[in-house]
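Quick note: the coordinates plus some simple rules give every number you see, no bench work behind them. What you see is a predicted model; the values in this text were computed from it and never measured. Cβ sites come from the backbone with ideal geometry, for glycine too, and all protein chains shown count toward neighbours.
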Amino acid sequence: MSAELLASTAPGHDGTLVLTLSNPGMRNALHPDMYAAGIEAIDSADRDPSIRAIVLTGADNFFCAGGNLNRLLENRAKDPSVQAQSIDLLGEWITALRESRKPVIAAVEGAAAGAGFSLALACDLIVAAEDAKFVMSYARVALTPDGGGSWFLARELPRQLATEVLLEAKPISATRLYDTGVVNRVVKPGTARDAALAWADELAQLSPNATARIKSLVGAAPEQPLAAHLTAERDSFVASLMHRDGLEGISAFLDKRKPDYS
C-alpha cells in the first residue's frame, strides 16, 4: 500500500473532518501525494458549512515519522528543483492548516518526527498521549528543517530551547512540551484521537464566524503592532456583532439557552 491521506468523519462526530496520515510499514512517513490531498481536503472543509472542526492524526497509533529518507536519497540523483517543489507543496499544506477557517486539532500518538512535528505545530491545538515523543531529527542526518518547523519553534519556545531541540535532534516528551504550552492536553496512550474528537465536538458548538475571526486575530497578532491589532479587533468585533451569529449568541445567553449556529 502507498502513502496516502485518508479523509473521513467518525461515527457520532459528523461535524468533524478526520484526516489520517497513512503509510503502512513506514510509520506514516510523508509523501507529496499526502500534501496535495491535504491542501484539497482543507480547502473543501473550509467551503463546507457542515464541517466545524478538523482532527489530524496518524494510522496505527503513530502520528508521523516525517520524510522518507530513501526517497530523499533518490532525489539527490535528480535536479534540485524536484526536492524544492516537494518542499513547496508541503509548505502549501502547512499554510492551509494554519489559515483554515476551522479549528484544527493534532492528535499525536507514538511520535511526531521531522516534518511530522511541523504538521502538528501547524495545527491550532495539540492533544498528545503522555508517552508521545516529538523530535526535529534533521540535524541527525545533516539536514535542516522544512515545513515551518524552525519558524514555529522559534516563536513558541524560548530561543535556547528551540535551538536545543533543533541542533541536538533528540526527542522531547509530550509532558515537557505541555509544560511549555506547545501541547494543550496530555492524555493516556491510545486515547489521543478520541480526546481530540471530543474537543472538536465542543468547538463545533461555537459560532463558526467567531471561531474563524479569532483564529485570524491570533495568527496575525505576532506580526502586528498593537495599534494595528486594536483596529483589527475593533473591525472584527463590529462585524461579529452584526453577523447573525452575534444575534443568536447574545440572545441565547440572555434567554439562558444553548445557542444554535446552524
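Values as computed for the structure displayed
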read-out	value
Cβ charges +1 (Lys, Arg) and -1 (Asp, Glu), total dipole of the chain, debye	420 debye
Local electrostatic count at Asn75 - Lys and Arg +1, Asp and Glu -1, tallied over other residues with Cβ under 14 Å	-1
Unit charges on C-beta of K, R, D, E only; dipole of the range 145-262, Debye	200 debye
Average silhouette area of the range 187-262, convex hull of alpha-carbon atoms, in square nanometres	7.1 nm²
Radius 14 Å from Cβ of Ala84, net charge of other residues (Lys, Arg +1; Asp, Glu -1)	-2
Ranked packing of 217-226, 37-46, most packed first, by mean Cβ within 10 Å	37-46, 217-226
FRET efficiency, 1/(1 + (r/R0)^6) with R0 22 Å, evaluated for Lys78 and Thr163 via beta carbons	0.10
Scattering curve values for the range 126-262, log₁₀ I(q)/I(0), Debye with Cα scatterers, q = 0.20 Å⁻¹	-1.16
About the Cα centre, charge dipole magnitude for the range 208-255 (Lys/Arg +1, Asp/Glu -1 at Cβ), debye	80 debye
The range 77-179, relative contact order [Cα under 8 Å, separation at least 6], %	26 percent
Semi-axes of the equivalent ellipsoid for the range 4-203, Cα gyration tensor, largest first, Å	25, 21, 15
Ser216-Thr95 pseudo-label distance in nm [points 7 Å out on the Cα-to-Cβ vector]	1.8 nm
Neighbourhood charge, 14 Å Cβ-Cβ cut-off, centred on Ala139 and excluding it, Lys, Arg +1 and Asp, Glu -1	-1
Label-point separation, Arg244 to Ala10 (7 Å along Cα→Cβ), nm	3.0 nm
Inter-centroid distance (Cα atoms) of the range 62-119 relative to the range 195-223, Å	23 Å
Relative contact order %, the range 4-203, counting alpha carbon pairs below 8 Å whose residues are six or more apart	21 percent
